[in-house]
Amino acid sequence: MPETKLKIAVQKSGRLNEDSINLLRRCGVKFNNGLGKLKSEAENFPAEIYFLRDDDIPEYVHDGVADVGVVGENVLAETGKAVDAIEKLGYGKCRLSLAVPKNFAYRSLEDFGGKRVATTYPQILNEFFAAHKINADIHTISGSVEIAPSIGLADAVCDLVSSGSTLFTNGLREVETVMQSEAVLIARKNLPGDLQTILEKLLFRIKSVKAAGRNKYILLNAPDEKLNEIVALLPGIKSPTVMPLATGGWSSVHSVIGENDFWETVEQLKTAGAEGILVLSIDQMIQ
Ligand code: PRT
Ligand code: ZN
(Lines give C-alpha, C1' and ligand atoms only; values in the text may rest on other atoms or scores of the structure.)
(Ligands and ions follow the chains in the order given, each with its own letter.)
Protein backbone atom coordinates (compact mmCIF):
# COMPACT_ATOMS: atom_id res chain seq x y z
CA MET A 1 0.00 0.00 0.00
CA PRO A 2 1.44 3.48 -0.83
CA GLU A 3 2.46 5.52 2.19
CA THR A 4 -0.08 8.19 3.19
CA LYS A 5 1.37 11.67 2.65
CA LEU A 6 0.20 15.07 3.78
CA LYS A 7 0.06 17.44 0.80
CA ILE A 8 1.35 20.84 1.95
CA ALA A 9 0.88 23.91 -0.31
CA VAL A 10 3.25 26.87 0.01
CA GLN A 11 3.71 29.99 -2.10
CA LYS A 12 5.89 29.31 -5.15
CA SER A 13 7.61 32.69 -5.09
CA GLY A 14 6.90 35.94 -3.29
CA ARG A 15 6.83 37.28 0.22
CA LEU A 16 5.76 34.08 2.01
CA ASN A 17 7.90 31.62 0.05
CA GLU A 18 11.17 31.80 1.95
CA ASP A 19 9.71 31.95 5.47
CA SER A 20 7.37 29.03 4.72
CA ILE A 21 10.21 26.89 3.41
CA ASN A 22 12.41 27.82 6.39
CA LEU A 23 9.61 26.94 8.79
CA LEU A 24 9.20 23.47 7.26
CA ARG A 25 12.98 22.96 7.31
CA ARG A 26 13.17 23.95 10.98
CA CYS A 27 10.40 21.40 11.57
CA GLY A 28 12.86 18.85 10.22
CA VAL A 29 11.04 18.34 6.91
CA LYS A 30 13.74 17.90 4.25
CA PHE A 31 12.89 18.51 0.61
CA ASN A 32 14.32 19.89 -2.58
CA ASN A 33 12.74 23.09 -3.82
CA GLY A 34 14.62 23.39 -7.10
CA LEU A 35 13.66 26.31 -9.29
CA GLY A 36 10.51 25.81 -11.32
CA LYS A 37 9.46 22.73 -9.36
CA LEU A 38 5.73 22.25 -8.93
CA LYS A 39 6.01 19.65 -6.20
CA SER A 40 8.60 17.93 -4.10
CA GLU A 41 8.55 14.82 -1.90
CA ALA A 42 9.83 15.22 1.62
CA GLU A 43 12.69 12.81 2.27
CA ASN A 44 12.15 12.13 5.95
CA PHE A 45 8.54 13.07 6.71
CA PRO A 46 5.32 11.73 5.16
CA ALA A 47 4.59 14.85 3.11
CA GLU A 48 4.62 16.29 -0.39
CA ILE A 49 5.22 20.02 -0.84
CA TYR A 50 3.32 21.84 -3.60
CA PHE A 51 4.58 25.23 -4.83
CA LEU A 52 1.60 27.37 -5.91
CA ARG A 53 0.42 30.95 -6.36
CA ASP A 54 -0.85 32.20 -3.03
CA ASP A 55 -4.28 33.18 -4.39
CA ASP A 56 -4.93 29.57 -5.45
CA ILE A 57 -3.98 27.94 -2.15
CA PRO A 58 -7.32 28.29 -0.28
CA GLU A 59 -9.20 26.80 -3.22
CA TYR A 60 -6.77 23.91 -3.66
CA VAL A 61 -6.97 23.14 0.05
CA HIS A 62 -10.76 23.41 -0.03
CA ASP A 63 -10.97 21.04 -3.00
CA GLY A 64 -8.51 18.55 -1.52
CA VAL A 65 -5.80 19.04 -4.15
CA ALA A 66 -3.69 19.92 -1.09
CA ASP A 67 -4.50 18.94 2.52
CA VAL A 68 -2.94 21.96 4.21
CA GLY A 69 -1.40 25.22 3.05
CA VAL A 70 0.20 28.48 4.11
CA VAL A 71 -1.42 31.78 3.05
CA GLY A 72 -1.89 35.31 4.31
CA GLU A 73 -5.07 35.78 6.35
CA ASN A 74 -5.91 38.51 3.82
CA VAL A 75 -5.97 35.99 0.97
CA LEU A 76 -7.97 33.52 3.04
CA ALA A 77 -10.57 36.18 3.93
CA GLU A 78 -10.82 37.43 0.35
CA THR A 79 -11.39 33.99 -1.18
CA GLY A 80 -13.89 33.13 1.58
CA LYS A 81 -13.20 29.39 1.24
CA ALA A 82 -14.51 27.12 3.97
CA VAL A 83 -11.25 25.71 5.32
CA ASP A 84 -9.92 25.52 8.89
CA ALA A 85 -7.42 28.19 9.99
CA ILE A 86 -5.21 26.04 12.24
CA GLU A 87 -2.28 28.16 13.44
CA LYS A 88 -0.96 31.68 12.93
CA LEU A 89 2.68 31.50 11.89
CA GLY A 90 4.07 34.87 12.99
CA TYR A 91 5.50 36.05 9.64
CA GLY A 92 4.10 37.87 6.58
CA LYS A 93 2.64 40.47 8.93
CA CYS A 94 0.85 43.37 7.30
CA ARG A 95 -2.45 45.22 7.41
CA LEU A 96 -5.10 45.96 4.83
CA SER A 97 -5.72 49.69 5.06
CA LEU A 98 -7.70 52.48 3.49
CA ALA A 99 -5.59 55.40 2.28
CA VAL A 100 -6.42 58.75 0.73
CA PRO A 101 -4.39 61.37 -1.20
CA LYS A 102 -2.58 63.78 1.13
CA ASN A 103 -4.81 66.69 0.13
CA PHE A 104 -8.02 64.77 0.99
CA ALA A 105 -9.40 66.41 4.16
CA TYR A 106 -10.26 63.13 5.87
CA ARG A 107 -12.28 63.13 9.10
CA SER A 108 -14.13 59.82 9.40
CA LEU A 109 -15.26 56.70 7.54
CA GLU A 110 -18.37 58.55 6.32
CA ASP A 111 -16.01 60.48 4.01
CA PHE A 112 -15.78 57.34 1.84
CA GLY A 113 -19.52 57.61 1.01
CA GLY A 114 -19.93 58.00 -2.78
CA LYS A 115 -16.17 57.77 -3.34
CA ARG A 116 -14.38 55.42 -5.77
CA VAL A 117 -12.00 53.11 -3.88
CA ALA A 118 -9.50 50.99 -5.84
CA THR A 119 -8.48 47.63 -4.36
CA THR A 120 -7.48 44.04 -5.08
CA TYR A 121 -9.56 42.99 -2.03
CA PRO A 122 -13.17 43.76 -3.07
CA GLN A 123 -14.82 41.08 -0.88
CA ILE A 124 -13.15 42.15 2.35
CA LEU A 125 -13.70 45.82 1.58
CA ASN A 126 -17.32 45.29 0.63
CA GLU A 127 -17.99 43.55 3.96
CA PHE A 128 -16.14 46.27 5.85
CA PHE A 129 -18.13 49.08 4.23
CA ALA A 130 -21.41 47.16 4.67
CA ALA A 131 -20.66 46.65 8.39
CA HIS A 132 -20.08 50.40 8.76
CA LYS A 133 -23.06 51.31 6.53
CA ILE A 134 -20.87 53.17 4.02
CA ASN A 135 -22.00 53.29 0.42
CA ALA A 136 -18.79 53.54 -1.61
CA ASP A 137 -17.96 52.54 -5.15
CA ILE A 138 -15.41 49.71 -5.08
CA HIS A 139 -13.15 49.42 -8.14
CA THR A 140 -11.44 46.05 -8.39
CA ILE A 141 -8.02 46.19 -10.01
CA SER A 142 -5.39 43.48 -10.21
CA GLY A 143 -2.27 45.36 -9.11
CA SER A 144 -0.44 48.69 -8.62
CA VAL A 145 -3.35 49.95 -6.55
CA GLU A 146 -1.26 52.79 -5.15
CA ILE A 147 -1.15 54.64 -8.47
CA ALA A 148 -4.95 54.60 -9.03
CA PRO A 149 -5.65 58.05 -7.46
CA SER A 150 -2.83 59.81 -9.34
CA ILE A 151 -4.11 58.59 -12.72
CA GLY A 152 -7.68 59.59 -11.88
CA LEU A 153 -8.99 56.04 -11.57
CA ALA A 154 -10.05 56.35 -7.93
CA ASP A 155 -10.44 58.80 -5.02
CA ALA A 156 -8.86 56.44 -2.48
CA VAL A 157 -7.29 52.99 -2.18
CA CYS A 158 -7.50 49.93 0.03
CA ASP A 159 -4.22 47.99 -0.04
CA LEU A 160 -1.77 45.96 2.02
CA VAL A 161 0.73 47.99 4.02
CA SER A 162 3.77 46.93 5.98
CA SER A 163 6.33 49.74 6.30
CA GLY A 164 4.03 52.38 4.75
CA SER A 165 6.68 53.57 2.32
CA THR A 166 4.71 52.62 -0.83
CA LEU A 167 1.77 54.76 0.29
CA PHE A 168 4.08 57.59 1.30
CA THR A 169 5.99 57.68 -1.99
CA ASN A 170 2.70 57.77 -3.87
CA GLY A 171 1.38 60.74 -1.92
CA LEU A 172 -1.15 58.68 0.04
CA ARG A 173 -2.02 58.73 3.74
CA GLU A 174 -3.22 55.67 5.66
CA VAL A 175 -6.45 56.52 7.49
CA GLU A 176 -8.21 53.28 8.54
CA THR A 177 -7.17 49.65 9.17
CA VAL A 178 -9.58 47.18 7.60
CA MET A 179 -7.81 44.04 8.85
CA GLN A 180 -4.52 42.83 10.33
CA SER A 181 -2.92 39.86 8.64
CA GLU A 182 -0.14 37.32 8.96
CA ALA A 183 0.64 33.93 7.43
CA VAL A 184 -1.64 31.17 8.67
CA LEU A 185 -1.66 27.39 8.32
CA ILE A 186 -4.96 26.24 6.83
CA ALA A 187 -6.34 22.72 6.48
CA ARG A 188 -9.20 21.19 4.59
CA LYS A 189 -12.21 20.28 6.66
CA ASN A 190 -12.72 16.70 7.84
CA LEU A 191 -9.20 15.45 7.13
CA PRO A 192 -9.14 11.64 7.26
CA GLY A 193 -7.64 10.26 10.48
CA ASP A 194 -4.28 9.19 9.03
CA LEU A 195 -3.67 12.65 7.54
CA GLN A 196 -4.88 14.31 10.76
CA THR A 197 -2.23 12.32 12.64
CA ILE A 198 0.51 13.62 10.30
CA LEU A 199 -0.86 17.17 10.61
CA GLU A 200 -0.76 16.95 14.42
CA LYS A 201 2.85 15.81 14.25
CA LEU A 202 3.72 18.78 12.02
CA LEU A 203 1.75 21.19 14.21
CA PHE A 204 3.58 20.04 17.33
CA ARG A 205 6.87 20.85 15.56
CA ILE A 206 5.58 24.21 14.28
CA LYS A 207 4.60 25.22 17.82
CA SER A 208 8.07 24.22 19.08
CA VAL A 209 9.74 26.32 16.38
CA LYS A 210 7.47 29.29 17.16
CA ALA A 211 8.15 29.02 20.90
CA ALA A 212 11.89 28.81 20.25
CA GLY A 213 11.75 31.95 18.12
CA ARG A 214 10.34 33.90 21.06
CA ASN A 215 13.10 32.80 23.46
CA LYS A 216 16.86 32.87 23.91
CA TYR A 217 19.20 30.63 25.86
CA ILE A 218 21.46 32.58 28.22
CA LEU A 219 24.61 31.47 30.04
CA LEU A 220 26.58 33.61 32.46
CA ASN A 221 29.03 33.53 35.33
CA ALA A 222 27.94 34.89 38.70
CA PRO A 223 29.89 35.59 41.89
CA ASP A 224 28.34 33.39 44.58
CA GLU A 225 27.49 36.33 46.84
CA LYS A 226 25.30 37.77 44.02
CA LEU A 227 23.77 34.45 42.99
CA ASN A 228 20.36 34.94 44.61
CA GLU A 229 19.93 38.37 43.08
CA ILE A 230 20.96 37.14 39.62
CA VAL A 231 18.81 33.99 39.73
CA ALA A 232 15.81 36.12 40.70
CA LEU A 233 16.17 37.98 37.38
CA LEU A 234 15.96 34.73 35.39
CA PRO A 235 12.73 32.77 35.34
CA GLY A 236 13.91 29.82 33.14
CA ILE A 237 11.46 27.10 32.09
CA LYS A 238 11.20 25.71 35.62
CA SER A 239 14.07 27.61 37.23
CA PRO A 240 17.65 28.38 36.15
CA THR A 241 20.38 25.75 36.28
CA VAL A 242 23.23 26.72 38.65
CA MET A 243 26.58 24.89 38.56
CA PRO A 244 29.82 25.65 40.41
CA LEU A 245 32.75 26.89 38.32
CA ALA A 246 36.22 25.36 38.73
CA THR A 247 37.27 28.77 40.11
CA GLY A 248 36.00 28.96 43.71
CA GLY A 249 33.35 31.55 44.61
CA TRP A 250 31.77 31.58 41.15
CA SER A 251 28.85 29.76 39.52
CA SER A 252 27.66 29.23 35.98
CA VAL A 253 23.96 30.05 35.47
CA HIS A 254 21.93 28.78 32.48
CA SER A 255 18.41 29.87 31.65
CA VAL A 256 15.84 30.72 28.96
CA ILE A 257 14.60 34.29 28.56
CA GLY A 258 11.92 35.88 26.38
CA GLU A 259 13.11 38.03 23.47
CA ASN A 260 10.75 40.88 24.41
CA ASP A 261 12.43 41.84 27.65
CA PHE A 262 15.79 40.42 26.59
CA TRP A 263 17.93 43.59 26.54
CA GLU A 264 16.51 44.88 29.80
CA THR A 265 17.24 41.59 31.54
CA VAL A 266 20.82 41.56 30.20
CA GLU A 267 21.41 45.09 31.53
CA GLN A 268 20.01 44.16 34.94
CA LEU A 269 22.19 41.04 35.03
CA LYS A 270 25.32 43.08 34.29
CA THR A 271 24.42 45.59 36.96
CA ALA A 272 23.89 42.74 39.41
CA GLY A 273 27.46 41.48 38.75
CA ALA A 274 27.04 38.83 36.03
CA GLU A 275 30.05 38.30 33.75
CA GLY A 276 30.78 36.37 30.54
CA ILE A 277 27.19 36.56 29.38
CA LEU A 278 26.49 34.39 26.29
CA VAL A 279 23.15 34.46 24.47
CA LEU A 280 22.25 31.67 22.02
CA SER A 281 19.30 31.15 19.68
CA ILE A 282 17.10 28.16 20.32
CA ASP A 283 16.15 25.99 17.32
CA GLN A 284 13.21 24.18 18.89
CA MET A 285 11.58 24.40 22.29
CA ILE A 286 9.55 21.31 23.20
CA GLN A 287 6.69 22.12 25.55
O1 PRT B 1 2.60 35.34 -7.17
P2 PRT B 1 1.65 35.27 -6.04
O3 PRT B 1 0.22 35.50 -6.42
O4 PRT B 1 1.85 33.99 -5.24
O5 PRT B 1 2.09 36.43 -5.02
P6 PRT B 1 1.49 37.90 -4.77
O7 PRT B 1 2.25 38.85 -5.62
O8 PRT B 1 0.00 37.89 -4.86
O9 PRT B 1 1.79 38.10 -3.24
P10 PRT B 1 3.09 38.66 -2.47
O11 PRT B 1 4.20 37.68 -2.57
O12 PRT B 1 3.34 40.08 -2.81
O13 PRT B 1 2.48 38.65 -0.98
C14 PRT B 1 2.11 37.46 -0.37
C15 PRT B 1 1.51 37.78 1.00
O16 PRT B 1 2.47 38.47 1.79
C17 PRT B 1 0.33 38.73 0.99
O18 PRT B 1 -0.89 38.10 0.64
C19 PRT B 1 0.32 39.21 2.44
O20 PRT B 1 -0.33 38.28 3.26
C21 PRT B 1 1.80 39.22 2.80
N22 PRT B 1 2.39 40.59 2.85
C23 PRT B 1 3.07 41.10 3.91
C24 PRT B 1 2.37 41.53 1.89
C25 PRT B 1 3.05 42.65 2.40
N26 PRT B 1 3.47 42.35 3.65
C27 PRT B 1 3.19 43.83 1.57
N28 PRT B 1 3.78 44.80 2.03
N29 PRT B 1 1.87 41.54 0.63
C30 PRT B 1 2.04 42.63 -0.14
N31 PRT B 1 2.66 43.77 0.29
C32 PRT B 1 2.79 44.88 -0.74
C33 PRT B 1 1.57 45.79 -0.80
O34 PRT B 1 0.59 45.26 -1.68
C35 PRT B 1 2.15 47.10 -1.33
O36 PRT B 1 2.31 47.07 -2.73
O37 PRT B 1 3.87 45.72 -0.44
C38 PRT B 1 3.54 47.08 -0.70
C39 PRT B 1 3.47 47.86 0.58
O40 PRT B 1 4.60 47.64 1.36
P41 PRT B 1 5.20 48.83 2.24
O42 PRT B 1 6.30 48.22 3.04
O43 PRT B 1 5.72 49.87 1.28
O44 PRT B 1 4.08 49.35 3.12
ZN1 ZN C 1 -1.14 36.45 -5.30
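For K189 and N22 in the same chain, what is the full-extension length gain: residue separation times 0.36 nm, less their Cα-Cα distance, in nm?
Values: separation 167, 0.36 × 167 = 60.12 nm, distance 2.57 nm.
Extra length available between K189 and N22 comes to 57.5 nm.
Under a Cβ-only charge scheme (Lys and Arg +1, Asp and Glu -1), can you give me the dipole magnitude of the chain about the Cα centre, in debye to the nearest 20? Provide the component values of the computation, followed by the final result.
On the way: 31 positive and 37 negative charges, 52 e Å.
Dipole of the chain, to the nearest 20 debye: 260 debye.
Taking a ≥ b ≥ c as the square roots of the Cα gyration tensor eigenvalues, with a/c under 1.5 meaning rounded and otherwise prolate when a/b beats b/c, else oblate, which class fits region 1-81? Don't jump to the answer; show the numbers that get you there.
Details: a/c = 1.93, a/b = 1.33, b/c = 1.45.
Cα axes put region 1-81 in the oblate bin.
Summing +1 for each Lys or Arg and -1 for each Asp or Glu, what net charge is found among the other residues whose Cβ lies under 13 Å from the Cβ of R53? Don't skip to the end; give the middle numbers.
On the way: positive: K12, R15; negative: D54, D55, D56, E59.
Surrounding charge for R53 is -2.
May I ask you to order 3-9, 103-109 by the average number of other C-beta atoms within 10 Å around their residues, highest value first?
On the way: 3-9: 19.0, 103-109: 11.0.
So the order, starting with the most tightly packed, is 3-9, 103-109.
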Inset, instruction - Label region 96-231 by shape, choosing from rounded, prolate and oblate, from the square roots a ≥ b ≥ c of the eigenvalues of the Cα gyration tensor; if a/c is under 1.5 it is rounded, and otherwise prolate applies when a/b is larger than b/c, oblate when it is not. - result: oblate
Inset, instruction - Taking amide H positions as placed in the peptide plane 1.01 Å from N, state which residues far from V175 in sequence (5 or more) or on other chains have amide H under 5 Å from it. - result: L98, A99, V100
Legend entry - Charged-residue dipole, Cβ positions (Lys, Arg, Asp, Glu), region 9-88 about Cα centre, Debye nearest 20: 360 debye
Legend entry - Per-pair calculated FRET efficiency, R0 = 22 Å: Q196 and Q284 via Cβ, rounded to 0.05: 0.50
Inset, instruction - Apply the Karplus parameterisation 6.51 cos²θ - 1.76 cosθ + 1.60, with θ equal to phi minus 60°, to every residue of region 228-238 and state each ³J(HN,Hα) to the nearest whole Hz, in sequence, with x for glycine and proline. - result: 4, 4, 5, 4, 5, 7, 10, x, x, 6, 9
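So, with a 1.4 angstrom probe, what is the percent of accessible area on the chain that is carbon and sulfur?
Details: 7570 of 15380 Å².
Carbon with sulfur: 49 percent of the solvent-accessible area.
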Inset, instruction - List the residues whose amide H sits under 5 Å from the amide H of E87, counting only those 5 or more places along or on another chain, with H placed 1.01 Å from N in the peptide plane. - result: L185
Inset, instruction - Using the Karplus curve 6.51 cos²θ - 1.76 cosθ + 1.60 with θ = phi - 60°, work out ³J(HN,Hα) for each residue of region 275-287 in order, rounded to whole Hz, and write x for Gly and Pro. - result: 10, x, 6, 10, 10, 10, 6, 10, 6, 9, 10, 7, 10
Inset, instruction - Would you pull out the residues with amide H under 5 Å of K7's amide H, same chain only if 5 or more places away, H placed 1.01 Å from N? - result: E48, D67, V68
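Would you please put 187-196, 204-213 in order of how densely packed they are, using the mean number of other Cβ atoms within 10 angstrom per residue and starting with the highest? Display every interim value, and only then the final one.
Details: 187-196: 14.2, 204-213: 17.6.
Packing order, densest peptide first, comes out as 204-213, 187-196.
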Inset, instruction - Report ³J(HN,Hα) in whole Hz for each residue of region 92-103, in order, from the Karplus equation J = 6.51 cos²θ - 1.76 cosθ + 1.60 where θ = phi - 60°; Gly and Pro get x. - result: x, 6, 6, 9, 9, 10, 8, 9, 10, x, 4, 8
Inset, instruction - Take the alpha carbon gyration tensor of region 107-163, find the square roots of its eigenvalues, order them as a ≥ b ≥ c, and report rounded if a/c is under 1.5; if not, report prolate when a/b exceeds b/c, else oblate. - result: prolate
Inset, instruction - Please report, in debye to the nearest 20, how large the charge dipole of region 215-281 is about its Cα centre when each Lys and Arg carries +1 at its beta carbon and each Asp and Glu carries -1 there. - result: 200 debye
Inset, instruction - Provide Rg over Rh for the chain; use the alpha carbon set for both Rg and the Kirkwood Rh (inverse mean inverse pair distance). - result: 1.10
Legend entry - Where only alpha carbons of region 215-281 are counted, the Rg and the Dmax (Å): 10.8, 34
Legend entry - Alpha carbon centroid spacing (whole Å) that separates region 178-212 from region 103-119: 38 Å
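The values are calculated or read from the model by the stated rules, or taken from the named source; none is laboratory data. Bear in mind the structure is a predicted one, so any value in this text is a computation, not a measurement. Cβ: placed from backbone, ideal geometry, glycine included. Neighbour counts: every protein chain shown. Please note that ligands, DNA and RNA were not included when accessible areas were found on the heavy atoms of the full protein model with its side chains. Shrake-Rupley method; radii C 1.70, N 1.55, O 1.52, S 1.80 Å.
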